[in-house]
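Note sheet for the following structure.
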Amino acid sequence: RNQAEIIAESLGCDHIHECKYHGASVNRRIPLFRNQGNAIITRHNIEHGQFHFFAHGVKRLIIELALPDLRIFLVHLSLGYRTRRHQLDHLAYLVGRSDQPVIVAGDFNTFFGPREYHQFLERTGLHTANLDNLPTHPSHLPRRQLDFIFHSPGVIPEKLEIPAVQHSDHLPLIFDFQLRKTTA
């Protein structure tokens, strides 16, 4: 069963989900893999959600969720360094089109550290929510920071938590924030 749907229903929330593999991928035909996906669960009614797919990599899904005052992108980047470079370029393009405050979150698989995403942050003007660079992987003994929440200046961080729970091989990130009020 779809875990995102079950969780959303139990919380009285809305959700959006999709398989993380591109439609032409052989992984879509393998029972175990075709049920692996990414999801966003929100208390807001989802009026517009869009699925994009990177041109390169096995894991290609980008979920773009447009809320009234915020745009969220959820990703799971490739394990390959060169492919991640292409994916970050494409993601920077998508983020650059937004006229709303933005949050970009997910498993970035940045095994080589900040130098992998530094240019992405410069191009997009995003900032990391994890100011202490706390590790998230592996969950049983975290020593690498692979999971990120990046945000635009229109998002005011309040608190970031990384609970020590082992429901996955990665620790979860919980980000509390406010949106900067506009005068328009």
Among the strands (runs of 3 or more DSSP E) lying completely within segment 1-115, list those that include at least 1 residues that are within 24 Å of ASN130 (Cα to Cα) and out of contact with any Cys (no Cβ under 8 Å at 6 or more places or on another chain). 37-42, 61-67, 70-76, 102-107
Looking at this structure, is VAL58 within 13 Å of the chain's Cα centre (by Cα) and on the phi < 0 side of the Ramachandran plot? no
Number of positions in segment 137-163 that are more than 30 Å from PRO68 (Cβ to Cβ), in contact (Cβ under 8 Å) with a residue 24 or more places away in the chain and assigned to a loop (DSSP other than H, G, I, E, B): 6
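Within segment 172-184, work out how many residues are open to solvent by 90 Å² or more (accessible area, probe 1.4 Å) and either in contact with a helix residue (DSSP H, G or I) (Cβ under 6 Å, 6 or more places away or on another chain) or farther than 15 Å from VAL155 by Cβ (or both).
Counting residues in segment 172-184 that are open to solvent by 90 Å² or more (accessible area, probe 1.4 Å) and either in contact with a helix residue (DSSP H, G or I) (Cβ under 6 Å, 6 or more places away or on another chain) or farther than 15 Å from VAL155 by Cβ (or both) gives 2.
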Six or more apart or on different chains, Cβ atoms under 6 Å: show the pairs whose first residue is in segment 84-98 and among the small types (Gly, Ala, Ser) and whose second is open to solvent by 50 Å² or more (accessible area, probe 1.4 Å). ALA92/ARG123
For residues in segment 33-65 being of a type in the set (Gly, Ala, Ser) and closer than 17 Å to ILE6 by Cα, which is modelled with the highest pLDDT? ALA39
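Just to be sure before I move on: is ILE62 within 19 Å of ALA105 (Cα to Cα) and among the hydrophobic types (A, V, I, L, M, F, W, C) in the structure I sent? Before you say what the answer is, go through the steps one by one.
On the way: within 19 Å of ALA105 (Cα to Cα): yes; among the hydrophobic types (A, V, I, L, M, F, W, C): yes.
So ILE62 passes the test.
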Determine whether GLN119 is under 16 Å from the mean Cα position of the chain (by Cα), at negative phi and among the polar types (S, T, N, Q). no
Of all the residues that make up segment 48-98, how many are open to solvent by 70 Å² or more (accessible area, probe 1.4 Å), farther than 22 Å from PHE175 by Cβ and charged (D, E, K, R)? 2
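Filter segment 148-171 for residues that are of a type in the set (A, V, I, L, M, F, W, C) and touching a Ser or Thr at 6+ places or on another chain (Cβ under 7 Å); which is most open to solvent (accessible area, probe 1.4 Å)? So that I can check it myself, show each step before the final result.
Taking segment 148-171 first, the residues of a type in the set (A, V, I, L, M, F, W, C) are 148-150, 155-156, 160, 162, 164-165, 171.
Cutting the leftovers down to touching a Ser or Thr at 6+ places or on another chain (Cβ under 7 Å) gives us 148, 150, 162, 171.
Numbers: PHE148: 5, PHE150: 0, ILE162: 39, LEU171: 15 Å².
That would be ILE162.
Every residue in segment 164-184 that is assigned to a loop (DSSP other than H, G, I, E, B) and polar (S, T, N, Q), please.
In the first step, residues of segment 164-184 are kept if they are assigned to a loop (DSSP other than H, G, I, E, B); the result is 164-173, 180-184.
Within segment 164-184, GLN166, SER168, THR182, THR183 meet the criteria.
The values are calculated or read from the model by the stated rules, or taken from the named source; none is laboratory data. Quick caveat, the model's predicted, so the values are computed rather than measured. Cβ sites come from the backbone with ideal geometry, for glycine too, and all protein chains shown count toward neighbours. For accessibility, only protein heavy atoms count, side chains too; no ligands or nucleic acids. Shrake-Rupley method; radii C 1.70, N 1.55, O 1.52, S 1.80 Å.
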